[in-house]
């Protein structure tokens, strides 16, 4: 564990007069505060102090205080000139004042007995010089007073289950099993947006900023023990406590997946990271080796964080790398085969039993091999059952099948005279698909085989009972075969790390 230079932190315990709190207690206060004050609260809609106070008031559920040195009424609240004037106790403050005013504000927070501070303001250690000096001063004040700091230079944090949000600029957020630690505020917004678009929700989120006090490793330790977090996502530019990260991740990944996008891979990227959040971006080769040894799933793109999460939540961990491909068109089959092979997965020969079943289902136009191109015949779920039951496959990738009726209806000019009949056909077809998808879920569990859909058409119609069923099961189609193949490959690698994949059980 880290020993900080001030001598007031040992083994993640903050020593303050009269009380010792462990890391869990400190972050429980942060993520489930009884009261929050915004220092720098504003009536100006263009300022952070307006938007943070606004979202806190909108969420409700706790005491909210506005602090502004001018002492005017702000958004219907009495504004206090400094935090010590607030009549009730304050667990968490959000600081949005200019960086030169932060030391004075922090001293007032110490006098008030504040337990945690989220410092939104930038211009500190990420810029060097005077900003770095002021950041060290603020940190010293906070540590002497027993205050934990998020940031500075951050976007805020939230707990979707306790409904506390200090992040003013976010797309819609669902409650769910993901938690995100991000060293970039803007990037984290994209991650939350992409997750929402794929039907995923969050437990906790923190934009860690410069990490003057609380580090990535602190949040990782906390979320590792959080009952509402099933998958931990991270956007990382640099790790300050490499050994501690390794030990934490090694233990955490045995219980729940840790998925990280590590930026700053090149020297140019590392330089940008240092100027962005004062991050210590070390050797990428070392990072890669550490991630592999401790079971962290490393991804290359922001969208892949979400794709891998979807696969982890919706699919069983496969027992091997052999993938059967079932496609309703030749192009989809070719793209899927290329993508899977590029990811180091295998396309096995299908068993003779499976070949006989497919011959009985399809016309002679089908491809007679893996990938299975049905030759333009209507999709038949019986072909999927055959692929799932094949002893030579560990997973199945299905291209272009789910939700065809509802999506294709939007591409066809339907005369008014038959519109009602078409609607009835869509509903009947969808009802049949719901039965088939339910059986598919049973087969996935019985054979411990992922069945991953990709369908370029599905995004056009995110409606209907079938889409809702797939969304509830975390099995909505990926947008491209390439994204599906990458997610499946990461699923296989994690299964190999846990010792599940490798045999042919």
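The values are calculated or read from the model by the stated rules, or taken from the named source; none is laboratory data. Everything numeric in this text was worked out from a predicted model, so none of it was measured. With ideal geometry, Cβ positions are generated from the backbone for all residues, glycine too; neighbour counts draw on all protein chains shown.
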### Task
Specify which of the listed residues (118, 138) is in contact (Cβ under 8 Å) with a residue 40 or more places away in the chain and touching a strand residue (DSSP E or B) at 6+ places or on another chain (Cβ under 6 Å).
118
### Query
Do we find that residue 151 is touching a residue at least 24 places away in the same chain (Cβ under 8 Å), under 18 Å from the mean Cα position of the chain (by Cα) and buried (at least 24 other Cβ atoms within 10 Å of the Cβ) in this structure?
no
## Note on the structure
Taking segment 78-103 and the residues there that are assigned to a helix (DSSP H, G or I) and within 36 Å of the chain's Cα centre (by Cα), the one that is modelled with the lowest pLDDT would be 99
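Against the condition surrounded by fewer than 22 Cβ atoms within 10 Å (Cβ to Cβ), under 21 Å from the mean Cα position of the chain (by Cα) and touching a residue at least 24 places away in the same chain (Cβ under 8 Å), how does residue 165 come out, does it pass?
Working: surrounded by fewer than 22 Cβ atoms within 10 Å (Cβ to Cβ): yes; under 21 Å from the mean Cα position of the chain (by Cα): yes; touching a residue at least 24 places away in the same chain (Cβ under 8 Å): yes.
So residue 165 passes the test.
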### Message
Condition check: modelled with pLDDT of 95 or more, more than 15 Å from residue 306 (Cα to Cα) and surrounded by 17 or more Cβ atoms within 10 Å (Cβ to Cβ). Does residue 493 satisfy that?
### Response
yes
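Can you name every residue in segment 196-246 that is assigned to a loop (DSSP other than H, G, I, E, B) and without any contact (Cβ under 8 Å) to a residue 24 or more places away in the chain?
If we filter segment 196-246 for residues that are assigned to a loop (DSSP other than H, G, I, E, B), which is where we start, we get 198-201, 208-215, 225-230, 237-241.
Listed by number, the list holds a single entry, 227.
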### Query
Among the residues of segment 123-135, how many are surrounded by fewer than 20 Cβ atoms within 10 Å (Cβ to Cβ) and either closer than 26 Å to residue 55 by Cα or modelled with pLDDT of 95 or more (or both)?
1
### Query
Would you pick out the residues in segment 43-68 that are surrounded by fewer than 23 Cβ atoms within 10 Å (Cβ to Cβ) and touching a helix residue (DSSP H, G or I) at 6+ places or on another chain (Cβ under 7 Å)?
43, 44, 64
### Task
Would you mention how many residues in segment 340-387 are assigned to a loop (DSSP other than H, G, I, E, B), surrounded by fewer than 13 Cβ atoms within 10 Å (Cβ to Cβ) and within 33 Å of the chain's Cα centre (by Cα)?
1
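In this structure, is residue 228 in contact with a strand residue (DSSP E or B) (Cβ under 9 Å, 6 or more places away or on another chain), under 22 Å from residue 26 (Cα atoms) and surrounded by fewer than 18 Cβ atoms within 10 Å (Cβ to Cβ)?
Numbers: in contact with a strand residue (DSSP E or B) (Cβ under 9 Å, 6 or more places away or on another chain): yes; under 22 Å from residue 26 (Cα atoms): yes; surrounded by fewer than 18 Cβ atoms within 10 Å (Cβ to Cβ): yes.
The answer is yes for residue 228.
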### Query
Can residue 72 be described as closer than 16 Å to residue 166 by Cβ and either crowded, with 22+ Cβ neighbours inside 10 Å or in contact with a strand residue (DSSP E or B) (Cβ under 6 Å, 6 or more places away or on another chain) (or both)?
no
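Look at segment 447-480 and say how many of its residues are outside any loop (DSSP other than H, G, I, E, B) and either modelled with pLDDT of 95 or more or over 23 Å from the mean Cα position of the chain (by Cα) (or both). Please lay out each step first, then the result.
In the first step, residues of segment 447-480 are kept if they are outside any loop (DSSP other than H, G, I, E, B); the result is 447, 451-454, 458-460, 464-472, 478.
Of the ones still in play, those that are also either modelled with pLDDT of 95 or more or over 23 Å from the mean Cα position of the chain (by Cα) (or both) are 447, 451-452, 460, 464-466.
Count: 7.
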### Query
Of the numbered conditions (1) surrounded by 24 or more Cβ atoms within 10 Å (Cβ to Cβ); (2) without any contact (Cβ under 8 Å) to a residue 24 or more places away in the chain, residue 193 satisfies every one except a single condition; which is it?
(1)
### Message
Here are the criteria: (1) surrounded by fewer than 20 Cβ atoms within 10 Å (Cβ to Cβ); (2) under 12 Å from residue 212 (Cβ atoms). Tell me which single one residue 117 does not satisfy.
### Response
(1)
